[in-house]
Amino acid sequence: MFQFNKILFVFFISVITLANSTNLFAHEQKQAKGKVTVENTWARATFALAQTGAVYLSIENQSKNHIKLLSVSVDSSVASEAQLHETLMQDEMMLMREAEDGFEIPVGSSLEFLPGGKHIMLLGLEKPLLAGEKFVLSLKFENNKVMRVPIEVKDAR
């Protein structure tokens, strides 16, 4: 078991080193594709046995067209699934549900994923999300457009 954990650790460090050397994780957390920008990207650090995690970010649409975020994904080394979620109040209870139809982002507006509101759920975590670690999240929009954004894991704010 110790040998397997050591191999996994070395593999993980190698992946992070390679990612940093290819500038996969830019220092500035803002990416643009056309006039759509993604900012304030982060994931909440989890405890050791957590099976789920949460990612937060904001998407600003300064393009000439409405856009629709359809889905999100991460590499299977991070989690088995990623979903768009929203938090709703129903019968005096806060409920979380998957936004299966995605989210529309009108021209000139922003879509905010924040704690207690809309968020991206990571299901089936392969390991805990530790502060300082990084991974890539893929945002899938209508018309088969995909933005890959770096996510840094941070302690709860």
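Quick note: the coordinates plus some simple rules give every number you see, no bench work behind them. Because the structure is predicted, anything quoted here is derived from the model rather than measured. All Cβ positions, even for glycine, are placed from backbone atoms using ideal geometry, and neighbour counts span all protein chains on display.
Values for this structure:
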| read-out | value |
| --- | --- |
| Most to least packed among 147-153, 88-94, 102-108 [average Cβ atoms within 10 Å] | 147-153, 102-108, 88-94 |
| Out-of-range pairs (alpha-carbon distance over 18 Å; input K64/K145; K35/K134; K35/K140; K68/K134) | K35/K134; K68/K134 |
| Relative contact order (percent, whole number), the stretch 63-157, Cα cutoff 8 Å, 6+ residue spacing | 34 percent |
